[in-house]
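Asks: Below you will find the structure I want to go over with you.
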Amino acid sequence: MPETPSSASEKVAIVVGGGSGIGAACVREFAANGYRVVAMSPSGRARALAESLGGAGLDGSNTSIENLRACVDLAVSRYGRVDAVVNSSGHAARGPVLEITDEQWSEGADLYLLNVVRMARLVTPHLVASGGGAIVNISTAGAFEPGPMFPVSVTMRAALASFTKLYANEYGPQGIRMNNVLTGLTKDDPSVVPAEWTSGIPLRRAQSTAEAARIVRFLAGEESAYMTGQNIRVDGGETKSI
């Protein structure tokens, strides 16, 4: 049964890829800060998590336009509005750069770039109707300092940085913002990360998924109302470029 539409003071957030890692931490963070949350993941974990926190969810992939549409439709039908969207993703192919197939590159484009483009098409009219809002995309610090471990991810997320600038310029006049969070080494429990993995990080530790989620929630909220089109590095100072 549909619930009473949310009031202007009760925000509604969609979290795509909310079943584990940073996405799941975002579901918890938004729910803990008064948002109604609609979450989606292929595994069913996002739905279960959102429902356990008083929200709603469904099972689906961020590479499916039908699943993304269903997620937006669920938020609007259940709560009457959308104020924030978080786009998180799974993992694409890895390996030597010239051994990655055309199909794997295409899958990476769906997973890391077109997922955001498609969601933006679907949700922007609803953000306009809500009087503005924010889209926050989980990216990687490797987008600007690419390394060989995740070639598809860093390539497609560099393209995402350009799309984000274009979107921010187009929809900023309507009060809609888009930013990317460029994470470094992030774990649910950073204490399990061996010291040798963090020796090149100035802070000498990994980031927790809960810490990353707080940055995401900040970028979705009024505290960051003058920030858009940005690629925010949250990597403990690991990247060196200015």
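Asks: I'd like to know if the stretch 19-33 contains one or more residues that are over 16 Å from the mean Cα position of the chain (by Cα) and either part of a helix (DSSP H, G or I) or touching a residue at least 24 places away in the same chain (Cβ under 8 Å) (or both).
Replies: Start the filter on the stretch 19-33 by keeping residues that are over 16 Å from the mean Cα position of the chain (by Cα), which leaves 32-33.
Keeping just the survivors that are either part of a helix (DSSP H, G or I) or touching a residue at least 24 places away in the same chain (Cβ under 8 Å) (or both) gives 32-33.
Yes, the stretch 19-33 contains a residue that is over 16 Å from the mean Cα position of the chain (by Cα) and either part of a helix (DSSP H, G or I) or touching a residue at least 24 places away in the same chain (Cβ under 8 Å) (or both).
Asks: Considering SER139, SER153, SER224, which residue is among the polar types (S, T, N, Q), touching a Leu at 6+ places or on another chain (Cβ under 6 Å), touching a residue at least 12 places away in the same chain (Cβ under 8 Å) and open to solvent by less than 20 Å² (accessible area, probe 1.4 Å)?
Replies: When all the criteria are applied, what remains is SER139.
Asks: Which one of SER43, SER106, SER20, SER64 is over 22 Å from VAL117 (Cα atoms), among the hydroxyl-bearing types (Ser, Thr, Tyr) and surrounded by fewer than 17 Cβ atoms within 10 Å (Cβ to Cβ)?
Replies: Values: SER106 fails: over 22 Å from VAL117 (Cα atoms); SER20 fails: surrounded by fewer than 17 Cβ atoms within 10 Å (Cβ to Cβ); SER64 fails: over 22 Å from VAL117 (Cα atoms).
Matching residue, one of SER43, SER106, SER20, SER64: SER43.
Asks: Taking the condition more than 29 Å from SER130 (Cα to Cα), open to solvent by 40 Å² or more (accessible area, probe 1.4 Å) and free of Cβ contacts under 8 Å to residues at least 60 places away in the same chain, does GLU196 pass?
Replies: When the stated conditions are applied, GLU196 passes them.
Asks: Given the criterion part of a strand (DSSP E or B) and not acidic (Asp, Glu), identify the matching residue among VAL117, VAL136, VAL123.
Replies: Matching residue, one of VAL117, VAL136, VAL123: VAL136.
Asks: Checking the condition under 16 Å from GLY132 (Cα atoms) and of a type outside the set (D, E, K, R), which residue from ALA206, ALA210, ALA220 passes? Explain how you work it out, then say what you get.
Replies: Values: ALA206 fails: under 16 Å from GLY132 (Cα atoms); ALA210 fails: under 16 Å from GLY132 (Cα atoms).
After applying the criteria, what remains is ALA220.
Asks: How many residues does the stretch 73-106 contain that are without any contact (Cβ under 8 Å) to a residue 12 or more places away in the chain and outside any loop (DSSP other than H, G, I, E, B)?
Replies: Within the stretch 73-106, the subset without any contact (Cβ under 8 Å) to a residue 12 or more places away in the chain is 73, 98-99, 101-103, 106.
Remaining after also requiring outside any loop (DSSP other than H, G, I, E, B): 73, 98-99, 102-103, 106.
Number satisfying all stated conditions: 6.
Asks: Here's something else I'd like to know. Could you tell me how many of the residues in the stretch 174-193 are out of contact with any strand residue (DSSP E or B) (no Cβ under 9 Å at 6 or more places or on another chain) and touching a residue at least 24 places away in the same chain (Cβ under 8 Å)?
Replies: So the answer is 1.
Asks: Please enumerate the residues belonging to the stretch 75-103 that are more than 17 Å from GLY133 (Cβ to Cβ) and among the small types (Gly, Ala, Ser).
Replies: Matches in the stretch 75-103: SER77, SER88, SER89, GLY90, ALA92, ALA93, GLY95.
The values are calculated or read from the model by the stated rules, or taken from the named source; none is laboratory data. Because the structure is a prediction, the values reported are computed rather than measured. Don't worry about glycine lacking a Cβ; one is built from the backbone with ideal geometry, like all the others, and counts go over all protein chains shown. Surface areas here come from the heavy atoms of the whole protein model, side chains and all, with no ligands, DNA or RNA. Shrake-Rupley method; radii C 1.70, N 1.55, O 1.52, S 1.80 Å.
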